[in-house]
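One structure is given below, encoded as structure tokens.
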Amino acid sequence: MSPPLMRIATQNQLPATADCVVIGAGIAGVSAAYWLARAGRSVVLLEKGAIGAEQSSRNWGWCRQQNRDARELPLSTRSLALWEEMAADIGEDLGFRRCGLLYLSNDAAEIKGWAAWGRFARGEGVDTRMLAAAEATERGAASGQGWLGGVWSPTDGIADPARAAPLIAKGVMKHGGQVVQMCAARGLELSAGTVSGVITEHGVIATKQVVLAGGAWAASFLHQLGIRFPQAAVRSSILSVAPGAEGLPPALHTTAVSVTRRGDGGHTLAISGRGHLDPTPGALLGARHFLPMFAKRWRVLQPGGLQAWRAGFETRTQWAMDRATPMERMRILDPRPSRALVNETLRRARALLPALRGIPVQATWAGYIDSTPDGVPVIDADTGIGGLVLAAGLSGHGFGIGPGIGHLVADLALGRAPITDVAQYRLARFRESQWGKVARF
């Protein structure tokens, strides 16, 4: 079952030319197109399926600084303000709320790790507060149990995965950009190693600037251009329950389960880090890059089945530009969730939070998280092809920093001062060993 998703109408007429073409209308792509259109560029946002229909509508909706890798923290901090700025400019409710995030634990080692991160983060201006046992137990009263400690991050929050990407796409159109759904980009036309056009299933758009924000499809698209991008897709299974559970924190994380209030009053339930690694040609060919991550996460990642292989998004074969590609045969990645993991998540949630007992399941779904070997996104204009900017590999925590990623992409495309340093996001970092470089969260 697919997660709830707002659908918007678009004209879907392909223009002959554009200043910039953005490929992929997930949170990174719509945000990039928005900031480019807002800067006065003529922008075309291409989506092979529906806006936000893949991982951008299948996540928890958290917009956090808490426990971010140091490389992402500046972008995360800027993104919180950008969520508010975008909503005000577009005139729509993106569901963004600075409701605060609550972390609770009975594990002394985990609490010690949070405290160490907090000392660093407070030096960077982040409002993160350690909770002693009494305050953690008070804030976690909905669980009906005592807690050894926790963290409260009051300026962090959540946004609505069902609404955010579609409404930001409306912002693209508000600023004169064009949004085209059900139109796959098959490849690029190049002149002397520089972008000169985008080949789509409905014709060619002449342009000198392209942003590739293709999510789980990015590595295969780049493979057509001779660019290596190590990427693996983790299948994450999630469920939501109907409205009716009162007194729960808006966003709660524990080792057992994480719970987030949805825009309709229901709650999203998930187990942090748990997922299935479905084998794909791309994952097998790039396995050596991911050994450090696998070594760190082997307790929570389980081997999966052949869903991803059959879906074709991680193919490493060359496709023809004049015939249907895997992207047209699989418009929207909608994998089957793990029934065992969904049941375990629900059991844990109801055991932890009595208010959830008796509340019926509303929906279950899965999504493919596009992951890099170090768990940090790639945002880079130095791809080896002039005019091509890459924004992919968001690694399961890109939704919250989507506005900042989009702004940074626009900065690179426009040649203006970036909102944060870009060195840590470069594609070239994967030429080095990844041992010791995996993100800490």
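The values are calculated or read from the model by the stated rules, or taken from the named source; none is laboratory data. Model, not experiment: these values are computed from the prediction. Neighbour counts are summed over all protein chains in view; Cβ atoms, including those assigned to glycine, are modelled from backbone coordinates with ideal geometry. We work out accessible area using only protein heavy atoms, side chains counted, and drop any ligands, DNA or RNA first. Shrake-Rupley method; radii C 1.70, N 1.55, O 1.52, S 1.80 Å.
Can you give the convex hull volume of the alpha carbon atoms of the range 148-202 per residue, in Å³? All intermediate terms of the calculation are to be shown ahead of the outcome.
Values: hull volume 12.5 nm³, N = 55.
Spread over its residues, the Cα hull of the range 148-202 gives 227 Å³ apiece.
What is the Cα convex hull volume of the range 233-366 when expressed per residue in Å³? Could the numbers behind the result be given before it?
Numbers: hull volume 17.0 nm³, N = 134.
In the range 233-366, the Cα hull volume divided by residue count equals 127 Å³.
Kindly count the pairs of lysines across the chain whose alpha carbons are less than 30 Å apart, treating pairs on different chains or eight or more residues apart as eligible.
Details: LYS48/LYS170; LYS48/LYS174; LYS48/LYS208; LYS112/LYS296; LYS112/LYS437; LYS170/LYS208; LYS174/LYS208; LYS296/LYS437.
Qualifying lysine pairs in the chain: 8.
Compute the length gained on full extension between LEU291 and SER272: take 0.36 nm times their separation in residues and subtract their Cα-Cα distance, giving the result in nm to one decimal.
Computed gain between LEU291 and SER272 is 4.8 nm.
For LYS112 and ARG78 in the same chain, what is the full-extension length gain: residue separation times 0.36 nm, less their Cα-Cα distance, in nm?
Separation in residues times 0.36 nm, less the Cα-Cα distance, equals 9.6 nm.
Which percent of the accessible area of the chain is formed by carbon and sulfur heavy atoms (probe 1.4 angstrom)?
53 percent
Taking square-rooted eigenvalues a ≥ b ≥ c of the alpha carbon gyration tensor, is the range 1-87 rounded, prolate or oblate, where a/c under 1.5 means rounded and, failing that, a/b exceeding b/c means prolate?
Cα axes put the range 1-87 in the oblate bin.
Report relative contact order for the chain in percent, whole number only (criteria: Cα-Cα under 8 Å, sequence separation at least 6). Present the calculation step by step, with values, prior to reporting the outcome.
On the way: 1020 pairs, mean separation 105.2, N = 441.
Contact order relative to length: 24 percent.
How about the range 265-311: which chymotrypsin sites (Phe, Trp or Tyr not before Pro) there lie in a loop by DSSP and see at most 13 other Cβ atoms within 10 Å?
Details: sites: PHE290, PHE294, TRP298, TRP309; in loops: TRP298.
Of the chymotrypsin sites (Phe, Trp or Tyr not before Pro), the ones in loops of the range 265-311 whose Cβ has at most 13 other Cβ atoms within 10 Å are TRP298.
State whether the range 314-441 is rounded, prolate or oblate according to the following rule on the C-alpha gyration tensor (a ≥ b ≥ c being the square roots of its eigenvalues): a/c under 1.5 gives rounded; otherwise a/b larger than b/c gives prolate, and the remaining case gives oblate.
Since a/c reaches 1.5 and a/b is larger than b/c, the shape of the range 314-441 is classed as prolate.
Which residues in the range 95-126 have a backbone N closer than 19 Å to a point placed 7 Å from the Cα of ALA133 along the Cα-to-Cβ line?
Under 19 Å, as judged by backbone N against the label point of ALA133, lie 103-115 of the range 95-126.
Could you give the length gained by full extension between GLU328 and VAL300, i.e. 0.36 nm per residue of separation minus their alpha carbon distance, to one decimal place?
6.8 nm is the gain from fully extending GLU328 to VAL300.
GNM on the chain, C-alpha springs below 10 Å: top fluctuator among GLY273, GLY387, GLY125?
Largest GNM mean-square fluctuation: GLY125.
Which entry in [x] 1.08; [y] 0.98; [z] 0.95 is this structure's computed Rg/Rh (Cα atoms, Kirkwood Rh)?
[z]
Running a GNM on the chain with Cα contacts under 10 Å, which residue among GLY406, GLY91, GLY52 ends up with the highest mean-square fluctuation?
For the chain, modelled as a Gaussian network with Cα springs under 10 Å, the answer is GLY91.
Does the range 158-311 come out rounded, prolate or oblate by the C-alpha gyration tensor, with a ≥ b ≥ c the root eigenvalues, rounded set by a/c under 1.5 and, if not, prolate when a/b is larger than b/c and oblate if not?
oblate
Using a 10 angstrom Cβ neighbour count of at most 10 plus a DSSP loop assignment to flag exposed GluC sites (Glu not before Pro), which longest range of the chain is free of such sites?
1-245
Between the alpha-carbon centers of the range 228-249 and the range 112-148, tell me the distance in whole angstrom.
One Cα centre to the other: 23 Å.
Mind telling me which of SER57, SER105, SER220 comes out most flexible in a GNM of the chain, alpha-carbon contacts under 10 Å?
Maximum among the listed residues: SER105.
For the chain, what does the helix formula give at 222 nm: sum of -39500 (n - 2.57) over DSSP H segments with n ≥ 4, over the residue count, nearest 500 deg cm²/dmol?
Value at 222 nm, helices only: -8000 deg cm²/dmol.
Would you work out the charge dipole size for the range 329-423 about its Cα centre, treating the Cβ of every Lys and Arg as +1 and the Cβ of every Asp and Glu as -1, and quote it to the nearest 20 debye? Present the calculation step by step, with values, prior to reporting the outcome.
Working: 9 positive and 8 negative charges, 176 e Å.
About 840 debye.
So how strong a dipole does the range 10-111 carry about its Cα centre when Lys and Arg Cβ are +1 and Asp and Glu Cβ are -1, to the nearest 20 debye? Walk me through the intermediate numbers first.
Values: 10 positive and 12 negative charges, 23 e Å.
Here the size comes out at about 120 debye.
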